[in-house]
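Asker: The structure under discussion is supplied below as structure tokens; questions concerning it will follow.
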Amino acid sequence: MPRVENVIHNGRIRYMDEIIRIDTVDAYNKFFGLETKHPLVSVIDLSKATKWADEAWFSYGVYAIFLKNTRCGDIRYGRRTYDYQEGTIVCFAPGQVTYSELPQGDRPSAYGIIFHPDLIKGTPLGQEIKNYSFFSYETNEALHLSEDERHTIMECLHKIDKELEHAIDKHSRRLITSNIGLLLDYCMRFYDRQFITRSYAGNDVTTKFEQLLNEYFDSGTPNLNGLPTVRYFADKVCLSPNYFGDLISRLTGKTASEHIQLKVIDVVKEQLLSSGKTMSEIAYDLGFQYPQHLSRMFKRVTGTTPNAFRRNS
């Protein structure tokens, strides 16, 4: 159990230097003084919490989605603060650690759902959960909802909560996981909308991405560090790799990895036509340990071998 540093009136508690481990649905509900209706899933209404923390670190062993109703504190993931305002959604996955701080005089006011990974094992949702990349989004990446979108999300949560009121039977798991899948699909749709409506910010990211690509390959860095990863560029623009990758894909029609690959091919073409370097020399300059890997990539992308490209051009 975490060490209690200071107990404040009305159930407010401050936990210092300890991480609250939320490995089960019941652990979360007990921390906030809420009822557990199902061991693997719970619809959360934090306005009904009978106790809460002024500030605390949480380590999640469950999936969580929270819709913030009012100004009720900040959430940090790593060193940065979430863009978590009234009417926004944030999502967490098992293995993530967050910091939550509640200003003096405020109380939690959020609605959401938490569910254990065991709930979806062996179900269609269990196979598809990896496709919901927003669970790994980090800072400045909360989902901002319109009033209609918020109403849709609340309807999904109410349907799940109603099913949890029903006695558990052979249909319960399928119905609950199906409705969670519907909720996640709506979140995916609304994120797609957000990528478009906030395209002015996204365009800045795509422009910066192209600039960073050029700088990386013009500097000779590949020879020292190899090919850059998507995470490398995501860190440069202060986004999570998943959010960065999804943003680039939505706005350009190509994945971030494809952009990197196409830049490599452009560099190879330039070297083949403007220098007398062998393909092996070019490959080593670009950080490839095995030149044949670059040759295979070149043929896959261009439809021709490097030697044939040089000869025909």
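Asker: What lysines does Lys236 reach when the alpha-carbon gap must be under 16 Å and sequence neighbours fewer than 8 apart in one chain are set aside?
Answerer: Excluding near neighbours in sequence, the set is Lys208.
Asker: Separate question: Considering the chain as a Gaussian network with a 10 Å cut-off on Cα pairs, which listed residue, Leu273, Leu175, Leu46, attains the greatest mean-square fluctuation?
Answerer: Of Leu273, Leu175, Leu46, the Gaussian network model singles out Leu273 as fluctuating most.
Asker: Another question, if that's okay. Per the Debye formula with a single identical scatterer at each Cα and no solvent contribution, what log10 I(q)/I(0) holds for the range 238-313 at q = 0.25 Å⁻¹?
Answerer: Treating every Cα as an identical point scatterer, log10 I(q)/I(0) equals -1.08.
Asker: With bins 5 Å wide starting at 0, give me the P(r) of the range 179-313 over every alpha carbon pair, in whole percents.
Answerer: 2, 9, 17, 19, 15, 13, 9, 7, 5, 2, 1, 0, 0
Asker: If you don't mind, another one. Under DSSP H, which helices of the chain have Cα atoms covering 20 Å or more of the helix axis and a Kyte-Doolittle average no less than -0.5?
Answerer: Values: long enough: 147-165 (27 Å, -1.21); 172-197 (37 Å, 0.03); 199-218 (28 Å, -0.72); 256-274 (27 Å, 0.25).
Helices passing the filter in the chain: 172-197, 256-274.
Asker: Which value, in nm² and rounded to one decimal, describes the direction-averaged projected area of the C-alpha convex hull of the chain? Write out the running numbers ahead of the final one.
Answerer: Numbers: hull surface 78.7 nm².
So the Cα hull casts an average projection of 19.7 nm².
Asker: Same structure, new question: First check a/c for the range 129-185, with a ≥ b ≥ c the square roots of the eigenvalues of its C-alpha gyration tensor; if it is under 1.5, answer rounded, and if not, answer prolate when a/b is larger than b/c or oblate otherwise.
Answerer: The shape class here is oblate.
Asker: Over the chain, average the accessible area per residue using a 1.4 Å probe and give it in Å², no decimals. Mind showing how you got there, number by number?
Answerer: Values: 15920 Å² over 313 residues.
About 51 Å² of surface per residue is accessible.
Asker: How high is the relative contact order of the chain, in percent, counting Cα pairs under 8 Å that sit 6 or more residues apart?
Answerer: Numbers: 477 pairs, mean separation 40.5, N = 313.
Here the relative contact order equals 13 percent.
Asker: Continuing with this model, one more query. Run the helix sum for the chain: -39,500 (n - 2.57) per DSSP H stretch of 4+ residues, divided by residue count, reported at 222 nm to the nearest 500 deg cm²/dmol. Each step should come with its number before you reach the end.
Answerer: On the way: 13 runs with 151 residues, N = 313.
Computed ellipticity for the chain at 222 nm equals -15000 deg cm²/dmol.
Asker: What figure, in Å² to the nearest 10, do you get for the accessible area of Lys263 with a 1.4 Å probe and non-protein molecules left out?
Answerer: Roll a 1.4 Å probe over it and Lys263 shows about 40 Å².
Asker: Can I ask one more? Of Phe195, His259, Gly287, which is farthest on the positive side of the dipole of the range 169-310, counting Cα position, with +1 on Lys and Arg Cβ, -1 on Asp and Glu Cβ, and the Cα centre as origin?
Answerer: It is Phe195, whose Cα lies furthest towards the positive end.
Asker: Taking the radius of gyration and the Kirkwood hydrodynamic radius from Cα positions alone, what is the Rg/Rh ratio for the range 22-68, to two decimal places?
Answerer: Working: Rg = 10.2 Å, Rh = 11.2 Å.
Value, to two decimals: 0.91.
Asker: Which lysines have a Cα less than 29 Å from the Cα of Lys162, not counting those fewer than 8 places away in the same chain?
Answerer: Straight-distance partners of Lys162: Lys30, Lys37, Lys48, Lys51, Lys68, Lys121, Lys130, Lys170.
Asker: When we measure straight from the Cα of Lys277, which aspartates and glutamates land under 13 angstrom away, once same-chain ones fewer than 8 places off are left out?
Answerer: Asp285
Asker: Another question about this same structure. How much of the accessible area of the range 84-189, in percent, comes from carbon and sulfur atoms when a 1.4 Å probe is used? Please report the intermediate quantities before stating the final value.
Answerer: On the way: 2430 of 5050 Å².
C and S atoms contribute 48 percent here.
The values are calculated or read from the model by the stated rules, or taken from the named source; none is laboratory data. Nothing here was measured: the structure is a model prediction, and the numbers come from that model. FYI the Cβ positions are ideal-geometry reconstructions off the backbone, even for glycines, and counts take in every protein chain you see. Note: areas computed on protein heavy atoms with side chains; ligands, DNA, RNA excluded. Shrake-Rupley method; radii C 1.70, N 1.55, O 1.52, S 1.80 Å.
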